[in-house]
């Protein structure tokens, strides 16, 4: 399961996000490292306004652990900023209505009117700061 962390602080490093999630899913550190697989910080730049957004993406080994982390972390303070956590779903031919010709439910159509689909108006980068800084135990 993958969790998406919306609007993490700009100074966040992937190893900090990793520790934050690991502490929420297990009591002792030996179990934590097995349950949280990977943490990344995504930097998204709006090409029109040149503004940056920082988000986190965390891979967790099983759905039960991911659901527990989602419940424990959503709305908590992380570096003095309230974070919003949701399940990250990657699009494929099975769940993308634009490619599968499935009818779109009315509630989704309503949401799309308000949705900010930005497509090619943004660039996404992954924070590589942990390449030079090892994960601390």
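Please treat every number below as a calculation from the coordinates, not as lab data. Values in this document were obtained by computation on a predicted structure and should not be read as measured data. With ideal geometry, Cβ positions are generated from the backbone for all residues, glycine too; neighbour counts draw on all protein chains shown.
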Length released on extending from residue 107 to residue 6, taking residue separation times 0.36 nm less the Cα-Cα span:
34.1 nm
Residue exposure sequence - 123, 40 - by fewest surrounding Cβ within 10 Å:
123, 40
Residue 67 versus residue 15: modelled label distance in nm, points set 7 Å from Cα along the beta carbon direction
3.4
Taking the mean number of other Cβ atoms within 10 Å as a proxy for protection, how do you rank 51-57, 17-23 from highest to lowest?
17-23, 51-57
Using a simple spin-label model with points 7 Å from Cα along the Cα→Cβ vector, what separation in nm is obtained for residue 84 and residue 123?
2.6
